[in-house]
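What follows is calculated from the coordinates using simple rules that are stated; it is not laboratory data. Only a predicted model underlies this, so the values are computations on that prediction, with no experimental measurement involved. All Cβ positions, even for glycine, are placed from backbone atoms using ideal geometry, and neighbour counts span all protein chains on display.
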Amino acid sequence: MSETSLAQPRSAPRFSLHGKTALVVGGSSGIGQAIAHGFQASGARVAVAARTPEKLAEAAQRLQQGDPDARGYAVDVSQPEAIDRLATLVLADFGHVDVLVVCQGTTVLKPAEDVTPDEYDEVMHTNLRSVFFTCTRFGRHMLERRTGSIITIASLAAHRGWPLASVYAASKHGVAGLTKTLAAEWADRGVRVNAISPGFFLTELNQSKMSPKRKENALLRTPTGRFGQVDELVGAAVYLASPAAGFVTGSVLNVDGGYLASGI
Ligand SMILES: NC(=O)c1ccc[n+]([C@@H]2O[C@H](COP(=O)([O-])OP(=O)(O)OC[C@H]3O[C@@H](n4cnc5c(N)ncnc54)[C@H](OP(=O)(O)O)[C@@H]3O)[C@@H](O)[C@H]2O)c1
């Protein structure tokens, strides 16, 4: 420990999100919904956005039990104009956004040689193009205020080849690259950009799409020997959103039960 840090003891890490406004895109189910509730429990005002109105309304109602000001916005962020409309609405309602989680995602599981252009576009538009334009649209707002934390959601498929999920893996490698690039580009203007990289969590995204054999393989290769629970991603998200992570940008935080650490 340096003399400086001995002479000037640091205060406790600041994990509270009190006074912050957070928008979770893809916050109506699965990982995004868990993060939205975790942010609320840590003191943030929370808004969520997703496409399906009924599911979104139920998600917003659950959040409103904790804070009547919580809001849901029905939007398809694969359309860049829709992201502009979302930003206009959210900023009119909340004034500003301190924390953005970009959690929308989809996948197609099939041999790469059978993927159609439409399937390619659907996955890339949802998982990468929309992430790019959501980050940059809200990033402009954060850069103007010279403060903000953006959290993207990567995947094991951002680190490894992923048989039968070629487009998904391409999109998630893109998310990791985008996250690091935006972090480097915006670091000196107060905006931090980090990714959470989840292991296997059974959600609407993959529950029905993964075959029993694929699930078995996933468990065999995960050292903890079990799937994650979405609540187990909340701590990582709150940390990255909070002042405690003030010097953390461009990181990809693995929450994967040891998957990427294991060689066998
Ligand atoms: N589950 C896992 O094991 C796992 C592992 C690694 C990474 N991830 C990533 O984690 C993220 C969340 O996935 P999840 O597992 O929580 O799946 P999920 O339960 O299906 O959640 C996806 C969310 O995104 C919304 N969404 C999808 N397309 C959208 C669009 N075009 N515009 C706006 N909202 C959209 C969905 O609502 P609507 O369908 O109503 O729009 C939903 O709220 C994804 O990026 C996924 O790739 C998941």
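Taking the fewest neighbouring Cβ atoms within 10 Å as the starting point, the ordered list for ASP98, ASP84, ASP76, ASP118 is ASP118, ASP84, ASP76, ASP98. Derived value for the chain: Kirkwood hydrodynamic radius 18.9 Å. Basis is the mean of 1/r over every pair of different alpha-carbon atoms. Under a Gaussian network description of the chain, with springs only between Cα atoms under 10 Å, the residue in GLN40, GLN207, GLN61 that fluctuates furthest is GLN207. Computed from phi, the 3J(HN,Hα) profile of region 136-141 under the Karplus parametrisation 6.51, -1.76, 1.60 (θ = phi - 60°) reads 6, 5, 6, x, 4, 4 Hz, with x in place of Gly and Pro.
Each peptide in 156-162, 173-179 gets a packing score, the mean of other Cβ atoms within 10 Å over its residues, and the list from highest to lowest is 173-179, 156-162. For ASN254, the residues whose amide H sits under 5 Å from its own are SER197, ignoring neighbours fewer than 5 places away on the same chain, with H placed 1.01 Å from N.
By the beta-carbon count within 10 Å of each Cβ, the least crowded to most crowded order of GLU216, GLU232, fewest first, is GLU216, GLU232. Computed over the chain, the per-residue total of -39500 (n - 2.57) for DSSP H runs of n ≥ 4 gives a 222 nm mean residue ellipticity of -12500 deg cm²/dmol, rounded to 500. Going from the fewest other Cβ atoms within 10 Å to the most, the residues SER16, SER208, SER130 appear in the order SER208, SER16, SER130.
A Cβ-based charge dipole, computed about the Cα centre of region 17-261 with Lys and Arg at +1 and Asp and Glu at -1, lands at about 500 debye. Region 44-76 and region 108-162 have Cα centres lying 22 Å from one another. Under 5 Å from the amide H of GLY72 lie the amide H atoms of VAL48, each residue being 5 or more positions distant or on a separate chain, with H modelled from the backbone and absent for Pro and chain starts. Evaluating 6.51 cos²θ - 1.76 cosθ + 1.60 at θ = phi - 60° for every residue in region 102-114, the Karplus couplings come out as 10, 10, 5, x, 8, 8, 10, 9, 6, x, 4, 5, 9 Hz, glycine and proline recorded as x.
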